[in-house]
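Peer 1: Please find one structure pasted underneath; my questions will follow.
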Amino acid sequence: MSLIACHECDLIHRVGSVSEGSAAKCSRCGALLYQHKRDSLERTLALTVTGLLLFIVANAFPFLGFKLNAKVHETILITGVQELYHQGIWILATVVLLTTIVIPAAQMMGLLYVLVPLRLNRLPWKLKEVFRFTQTLQPWAMMEVFMLGILVSIVKLGKMATIVPGIAAFAFMALIFVLAASMAVLDPHVVWEKIKIQESARGISGGQTNLIGCHTCHLLCRSPSHGVHALTCPRCGTHLHRRKPNSITRTWALILAAAIFYVPANVLPITIVTSLGKKQADTILSGVIYFISTGMWPIALVIFTASVFVPLLKLLALGYLCFSVQRKSGWRPVDRTRIYRMAEVVGRWSMVDVYVVTILVAMVNLGALASIEAGPAAVYFCGVVISTMFAAMSFDPRLIWDNCEENHE
């Protein structure tokens, strides 16, 4: 039997052995505590090596070709980043580069650095720092969102010209499934359990109730009566806090920033299309209307949901959670925890519009004949997505349950 604290409501559980394929969930809020995965290290290592090979192919060979009136413009994966930089939108270029190329590559390299020595029954140097960093990168690797952006772009450009997928496009598609599978079979607990610590380092004694859980490796440690902010997890080195410092204040600040970005993101043009010397500026909503007018309802629904509805819903959800915590509400804590879960998961998918812009500027670059430039709304919309993601990370769902305990509910 081992002790584990729920990272969403802070309830401490005793978890025994879990059979393969089974999971232990919090008895109070339903959050996933632990899941036993068969041959986790071996399968994750095999998938990561496969993913790295596919990643090299996806970046080294032609990705998509744009054929219009006998003119063919071929792109590679990084072409969109280069075009954004040449257009002077270096902030957007940096975000796209990080989320689609640099962070996925760093994540795979970090996993290889950790898993290869462990497979050989050795502990790599700086194991806890590298694996902790690898886990931190996971929400920011958005290759599957980028793939959705590719599909939307192909549909949008299909009536203008012929789109020719290259070998890199097929490798990229396979890479997404391989990386998703590697994250699905990875059991972080197996890695952390390789780091042996003495029980005395945790400071837990019989009947101890003043405990604090690590959000990274889920180790339970004794929380001292003073100096909590200086407490560090003895296993993974994460700084421990009974609750996230200034959680509500920081979340409100990020919500406000996202709300400010949201207005110009929907009012200003997100793309500027030049065709035979004529320019046309399109906003997010005008793009949705275009897909509706051409009968592409599914694509219109995807764009509207990801780019308009989800960011607004996330702002309202996080604002409501902060307000309810400040009011010390004890109303339906399980449902409010589910709202937090939803806000944390869906936010990254709003990046699809940013990736659509990136792909369009990369592919449609035929000079006066046809070209597309990124509009100012793309930068503001990227700010909305990143601000709401950080806001969800800043909010501490355990505060919801603290109010319930204070009200004895």
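Peer 1: Efficiency by 1/(1 + (r/R0)^6): what FRET value for ILE260 and ARG341, r their Cβ-Cβ distance, R0 = 30 Å, to the nearest 0.05?
Peer 2: Plugging the Cβ-Cβ distance into 1/(1 + (r/R0)^6) gives 0.70.
Peer 1: Give me the compactness ratio for the stretch 266-409, meaning the Cα radius of gyration over 2.2 N^0.38 Å. Can you show the working numbers first?
Peer 2: On the way: Rg = 19.7 Å, N = 144, 2.2 N^0.38 = 14.5 Å.
Its radius of gyration relative to the 2.2 N^0.38 Å reference: 1.35.
Peer 1: Could you work out how far helix 352-363 tilts from the main Cα principal axis of the chain, as a 0 to 90 degree angle to the nearest 10?
Peer 2: Roughly 40 degrees between the two axes.
Peer 1: Tell me the carbon and sulfur percent of the accessible area for the chain, rounded to whole percent, probe radius 1.4 Å.
Peer 2: Percent of accessible area from carbon and sulfur atoms in the chain: 64.
Peer 1: When Rg is the radius of gyration of the Cα atoms in the stretch 333-372 and Rh is its Kirkwood radius, what does Rg/Rh come to?
Peer 2: Rounded to two decimals, Rg over Rh is 1.43.
Peer 1: So how far apart, in nm, are the two label points at THR294 and GLU20 if each is 7 Å from Cα heading toward Cβ?
Peer 2: Label at THR294, label at GLU20, 4.9 nm between them.
Peer 1: Still on this model: Sequence neighbours fewer than 8 away in the same chain don't count; with that in mind, list the lysines whose C-alpha is under 16 Å from LYS128.
Peer 2: Reachable lysines: LYS194, LYS196.
Peer 1: Another question, then. Express the Stokes-Einstein translational diffusion coefficient of the chain in µm² s⁻¹, to the nearest whole number, given a Kirkwood radius over alpha-carbon pairs, 10 °C and a viscosity of 1.306 mPa s. Let's see the in-between values first.
Peer 2: On the way: Rh = 23.4 Å.
The calculation lands on 68 µm²/s.
Peer 1: Sticking with this one: Grab the Cα-Cα distance for LEU120 and LEU301, subtract it from 0.36 nm times how many residues apart they are, and report the gain in nm with one decimal.
Peer 2: 60.3 nm
Peer 1: In the chain, what cysteines have no partner Cβ closer than 4.7 Å?
Peer 2: Among the cysteines of the chain, those whose Cβ sits 4.7 Å or more from every other are CYS221, CYS322, CYS382, CYS404.
Peer 1: Any chance you could run the full-extension gain for MET183 through ILE91? It's 0.36 nm times the residue separation minus the Cα-Cα distance, nm to one decimal.
Peer 2: Stretched fully, the MET183-ILE91 segment lengthens by 30.3 nm.
Peer 1: In terms of Cα to Cα distance under 23 Å, which lysines are near enough to LYS156, apart from those fewer than 8 places away along the same chain?
Peer 2: Cross-link targets: LYS67, LYS71, LYS278, LYS279.
The values are calculated or read from the model by the stated rules, or taken from the named source; none is laboratory data. Just so it is clear, the model here is predicted, and its values are computed rather than measured. Methodologically, a virtual Cβ is constructed for each residue, glycine included, from the backbone with ideal geometry; neighbour enumeration extends over all protein chains shown. Side chains are part of the model used for accessible areas, which takes the heavy atoms of the whole protein and leaves out ligands, DNA and RNA. Shrake-Rupley method; radii C 1.70, N 1.55, O 1.52, S 1.80 Å.
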